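Data first, discussion second: the structure below is written as structure tokens.
The values are calculated or read from the model by the stated rules, or taken from the named source; none is laboratory data. Keep in mind it's a predicted model, so treat the numbers as computed, not measured. Every residue, glycine as well, gets a Cβ built from its backbone with ideal geometry; the counts of neighbours run over all protein chains shown. Side chains included, ligands, DNA and RNA excluded: accessible areas come from the protein's heavy atoms. Shrake-Rupley method; radii C 1.70, N 1.55, O 1.52, S 1.80 Å.
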Amino acid sequence: MAPPALSHLRICDFTGQLAGAGATKFLAAMGAQVIRIEDPVRQGRWDILRGMPPYVDERRGVNLSGAFNNHNVEKLGVTVNLRTEAGRDLVRRLIEICDVVTENFAAGVLARMGFPYEEMVQIRPDIIYVSNSGFGASGPYQRFKTWGPIVQAVSGLTFASGLAGMGPAGWGYSYMDHHGGNIMAIAILAALLHRQRTGEGQWVDMSCTDAGAWLNGPVMLDYTVNGRPLRRQGMPHSNRSQSPPMAPHGIYPAAGEDRWVAIACRDDSDWVALAEVVGEPWAIGARYATLGDRLADEDDLDDALGGWTGVQDRHDIVARLHAAGVPVSVVATPEDRIDHDAGTSAWGLWPTVHHTEMGDVGVDGIPLHLSETDWRIERGAPCLGEHNDIVFGDILGLSAEEIAGLREQGAI
Amino acid sequence: MTGPGSGAVPAGPVPAGSLEGVRVVELASELGAFAGKLLADLGADVVLVEPPGGHHTRRYAPFVDDVEDPEQSLYFWHYNTSKRSVVLDLDVPGGASAFRRLVAGADIVLEAEPPGRLAELALDETDLRAGHPGLVWVAMSPFGRDNPRTGEPATDLTVLAGGGPVWSCGYDDHGVPPVRGGGNQGMHTVCLWAVMGALTALLARQVTGQGQLVDVSAHAAANVTTEAASYEWLVAGRTVQRQTARHAAVHPTMSTDAVCADGRQVNTGVPPRSAEEFRGVLEWLDEIGGRAEFHDIALLEMGVERGGVQIHEIFDDAEAMAVFGAGREVLRFIAQRVSAYDFFIGAQSRGMPCGIIYAPEEVLSDPHFVARGFPVSVHHDAIGRDVVYPGAPFVSPRSPWRISRPAPLVGEHQAEIFGPSPSVVAGGTGRGARGADTIGWHGETTLGTRD
């Protein structure tokens, strides 16, 4: 097997959490040499995930977070104290040999630590610098702080997720940390392609809330063209499908506690197939024959269908509707989709990495495969400063004595 | 603090996009349209290949002025900016041969056909990459090309339900169904990954000279976009439970949404922790004249005096716990007395992360998003109007993201690309006027260039 796709690239990585670390995780899985720089004084805790649960056992500490491990596989980890001149000099030497500098501090923080873009360009004229902050590096909110739920709230994504009359349900996780990372990865890759064509580097300024707002979809145009806001009576109702209209389309109870199935009838033929499986008078009669009929009485239709699903095992419902060709799925629990789903296991979606202190741990894989230069995820996240000798010695060429000296003066 | 737009960018005409010179053939699909838009807005020349009559998403609402017209679907407009359009009937020899010629000059093919369909037409990746080893073929599908679940019918709803996001989203009341996040996010999710794969393969090609197949699964994409739900299970065998408008969690957490004086909502975010933040909320209380009414002033003052509270103290130090709790309470107290916007600005300007819960359209008139140039105006000749679109997801001044043109009309660029060849438009059997070497691609291809 050929080496992964990006094995020719090296990244000087100040990212953390997921919104930044997710971007460089992808690059690392694709073979880029990602050198993650952490602060030895605060034990890398700018990234709050460093000591956070879950843990594999009763041990705790900055090297033992399952969350941190998940987002930092395949990276090298070094410690550099940017408060010291020797530390800043190390970063200068790293930037000199890196293609990209990445970070997701609040806007302006890396500059205050001594590395504004102007400084990086002095070190390496074609450097690509990608910053990813909550509100970007310009505009009145540039100093405001965020984490995923704040980004989702301000960008419109929280509001757009919910059931009629119930207020926002939002996202039960940092959806925009994932996509902040993914869009940041796209920004990095696009800037690399631009550099390849022109020889130019640049500073790419990503605002996670811009990126979130950008993901709202066509509802934005319904407002700007037709003046129809999503903030209106009965909306949002995001388990239903407005565009294209489908009915039934929703999440229905199944037998058991907190067990649900999602059913979507794309057209009349899906409906006829569903109605035949249901076989009850309300379904096979004329009342709901057309999409218009079904949309007109969608609440009643949902109640009737929920009555049918509610007494059955969710897997039985799925099996029967699949056989009829109707889109259907259980609302999968983590256990369902990680331990009992041929779709994810055959994909190799949950690779096991070896982590120096945690041992073997399962992590999120990558949802795409390249036929020639595919990703690899085998090594766990770096312990704090785990690769100081490799990076400062083998890569930067410092002697063991020089590294020991840096350690003594608190620079690493 | 200067933004990246300042400084070293030369004045003059707007620079080309990052993907200038990259040629993309996109087979029109519902699943992949957003990926094509990304590539096109990043500067690639994306030719959308539509079936006779135009792709079916042209019939998706909403429409301009609510009048059903396949040329005025706002859904289609949104997902097809900056692309060109040709009509080819792949089921007839003339259309198939025109498609082959188009692909022969392309860097990337982007498709989300039902797995197997293109193979039946001898137009699949293996057929077309044979004579074109530099081609990057991005195949998107619900479960991947060669998976035990390939072929199962799926929609955005069932992908998000089966892939994990829905389990974590909804309300504290578990008698109410869990919720699918709005806005075609299953599709957006797989499209972002598809673009990551496409650009990665382009970069790899510079080293290897070879293109490759990029197989992208919407189901897999949803599965690795669920944050703690996955790693709590993978690492500790624990299951998160959904809660209203905040993270699903193994153990219940306090609510973070609050209704403000104007009836609008905020995410109250992270309560004060530093002494400065406690001082800030006390001043804020004074500003709104609420000090006398708030019952735990002493605890807030204690927050200042003790130099704030540390996260770890909150769990094992009773005083710290009480102080932290008062900080949380005072935010709710203030929220009830000011508008959501004033709460958002007031908390953030005092250093506390907090967010107003905007409806999507409200972003477009917010002063910050306006100042960053996020809403962009695109002229639509067809209706003689400028239409405001959501703009760039990031600012790359030397190779800017740009909507270079509105979504194309059906087959708008047929002659520009194939020359005068009505038989191809009609799906007839005649050869187009242009061979592969004369296809009307924009710019100069990056294909085959090497470092």
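Taking the condition open to solvent by 10 Å² or more (accessible area, probe 1.4 Å), under 28 Å from B:Gly237 (Cβ atoms) and free of Cβ contacts under 8 Å to residues at least 12 places away in the same chain, does A:Asp300 pass?
Against the criterion (open to solvent by 10 Å² or more (accessible area, probe 1.4 Å), under 28 Å from B:Gly237 (Cβ atoms) and free of Cβ contacts under 8 Å to residues at least 12 places away in the same chain), A:Asp300 does not qualify.
If you go through segment B:201-220 one residue at a time, do you hit one that is assigned to a loop (DSSP other than H, G, I, E, B), more than 7 Å from chain A (Cβ to nearest Cβ) and not charged (D, E, K, R)?
The answer is yes, given that some residue of segment B:201-220 is assigned to a loop (DSSP other than H, G, I, E, B), more than 7 Å from chain A (Cβ to nearest Cβ) and not charged (D, E, K, R).
Which condition number does B:Gly94 fail, the rest of (1) part of a helix (DSSP H, G or I); (2) crowded, with 24+ Cβ neighbours inside 10 Å being met?
(2)
With the condition kept exactly as written, say whether any residue in segment B:78-87 is buried (at least 21 other Cβ atoms within 10 Å of the Cβ) and free of Cβ contacts under 8 Å to residues at least 40 places away in the same chain.
No.
Residues being more than 10 Å from chain A (Cβ to nearest Cβ) and crowded, with 24+ Cβ neighbours inside 10 Å: count how many of those fall in segment B:121-150.
2
What number of residues within segment A:322-336 are assigned to a helix (DSSP H, G or I) and facing another protein chain (nearest Cβ under 7 Å)?
From segment A:322-336, those assigned to a helix (DSSP H, G or I) are A:322-323, A:334-336; that's our starting set.
Checking the rest, the ones that are also facing another protein chain (nearest Cβ under 7 Å) come to A:322, A:334-335.
Total meeting the criteria: 3.
Can you pull out the residues in segment A:357-372 that are outside any strand (DSSP E or B), open to solvent by 10 Å² or more (accessible area, probe 1.4 Å) and at the interface with chain B (Cβ under 7 Å from one of its Cβ atoms)?
Those that are outside any strand (DSSP E or B), open to solvent by 10 Å² or more (accessible area, probe 1.4 Å) and at the interface with chain B (Cβ under 7 Å from one of its Cβ atoms): A:Ser371, A:Glu372.
Can you pull out the residues in segment A:50-86 that are in contact with a His (Cβ under 7 Å, 6 or more places away or on another chain) and more than 10 Å from chain B (Cβ to nearest Cβ)?
Result: A:Leu76, A:Gly77, A:Val78.
Inspect all residues belonging to segment B:49-61 and state whether any of them is among the aliphatic types (A, V, I, L, M) and more than 29 Å from A:Arg228 (Cβ to Cβ).
yes
Quick check: is even one residue across segment A:113-136 touching a Lys or Arg at 6+ places or on another chain (Cβ under 9 Å) and within 7 Å of chain B (Cβ to nearest Cβ)?
Within segment A:113-136, one or more residues are touching a Lys or Arg at 6+ places or on another chain (Cβ under 9 Å) and within 7 Å of chain B (Cβ to nearest Cβ).
Can you pull out every residue in segment B:323-349 that is open to solvent by less than 50 Å² (accessible area, probe 1.4 Å), of a type outside the set (A, V, I, L, M, F, W, C) and out of contact with any Pro (no Cβ under 8 Å at 6 or more places or on another chain)?
Once the filter is applied, which keeps residues that are open to solvent by less than 50 Å² (accessible area, probe 1.4 Å), of a type outside the set (A, V, I, L, M, F, W, C) and out of contact with any Pro (no Cβ under 8 Å at 6 or more places or on another chain), segment B:323-349 yields B:Gly325, B:Ser339, B:Gly346, B:Gln348.
Could you tell me whether any residue of segment A:87-101 is under 19 Å from B:Ala228 (Cβ atoms) and within 14 Å of chain B (Cβ to nearest Cβ)? I'd like the intermediate steps shown before the answer.
Taking segment A:87-101 first, the residues under 19 Å from B:Ala228 (Cβ atoms) are none.
Checking segment A:87-101: not a single residue is under 19 Å from B:Ala228 (Cβ atoms) and within 14 Å of chain B (Cβ to nearest Cβ).
With the requirement that a residue be open to solvent by 40 Å² or more (accessible area, probe 1.4 Å), polar (S, T, N, Q) and in contact with a Pro (Cβ under 9 Å, 6 or more places away or on another chain), what does segment A:227-250 give you?
Hit for segment A:227-250 is A:Gln242, nothing else.
Of all residues in segment B:379-406, how many are closer than 30 Å to A:Thr158 by Cβ, open to solvent by 10 Å² or more (accessible area, probe 1.4 Å) and aliphatic (A, V, I, L, M)?
Count: 4.
Output the number of the condition that A:Ala191 fails; it satisfies all remaining conditions of (1) open to solvent by less than 10 Å² (accessible area, probe 1.4 Å); (2) within 26 Å of B:Val176 (Cβ to Cβ).
Result: A:Ala191 passes all but (2).
Within segment A:345-356, which residues are more than 9 Å from chain B (Cβ to nearest Cβ) and either open to solvent by less than 80 Å² (accessible area, probe 1.4 Å) or of a type in the set (Gly, Ala, Ser) (or both)?
Answer for segment A:345-356, where residues must be more than 9 Å from chain B (Cβ to nearest Cβ) and either open to solvent by less than 80 Å² (accessible area, probe 1.4 Å) or of a type in the set (Gly, Ala, Ser) (or both): A:Gly348, A:Pro351, A:Val353, A:His355.
Within segment B:298-308, is there a residue that is aliphatic (A, V, I, L, M) and within 29 Å of A:Val154 (Cα to Cα)?
So far as segment B:298-308 goes, yes, one or more of its residues are aliphatic (A, V, I, L, M) and within 29 Å of A:Val154 (Cα to Cα).
Restricting attention to segment B:243-253, report how many residues are over 19 Å from A:Val151 (Cα atoms) and touching a helix residue (DSSP H, G or I) at 6+ places or on another chain (Cβ under 7 Å).
Final tally of qualifying residues: 1.
Give segment B:151-200 a look and list any residue that's over 22 Å from B:Glu227 (Cβ atoms), within 7 Å of chain A (Cβ to nearest Cβ) and open to solvent by less than 10 Å² (accessible area, probe 1.4 Å), or say none.
B:Leu199, B:Thr200 - these are the residues of segment B:151-200 that are over 22 Å from B:Glu227 (Cβ atoms), within 7 Å of chain A (Cβ to nearest Cβ) and open to solvent by less than 10 Å² (accessible area, probe 1.4 Å).
Would you confirm whether any residue within segment B:333-353 is within 7 Å of chain A (Cβ to nearest Cβ), touching a Phe, Trp or Tyr at 6+ places or on another chain (Cβ under 6 Å), more than 23 Å from B:Ala275 (Cβ to Cβ) and modelled with pLDDT of 95 or more?
no
Tell me the residue from B:Ile334, B:Ile345, B:Ile297 that is assigned by TED's automatic domain parsing to the domain that holds B:Met254 and within 14 Å of A:Tyr141 (Cβ to Cβ), please.
Just a single option satisfies the conditions, and that option is B:Ile345.
Please give the number of the condition B:Phe294 fails out of (1) assigned to a helix (DSSP H, G or I); (2) surrounded by 17 or more Cβ atoms within 10 Å (Cβ to Cβ); (3) not hydroxyl-bearing (Ser, Thr, Tyr).
Single failed check for B:Phe294: (1).
Looking at segment B:307-318, is at least one residue part of a loop (DSSP other than H, G, I, E, B) and either under 25 Å from A:Gly162 (Cα atoms) or among the hydrophobic types (A, V, I, L, M, F, W, C) (or both)?
yes
When residues of segment A:66-84 are filtered for being under 12 Å from A:Ala21 (Cβ atoms) and of a type in the set (Gly, Ala, Ser), how many remain?
2
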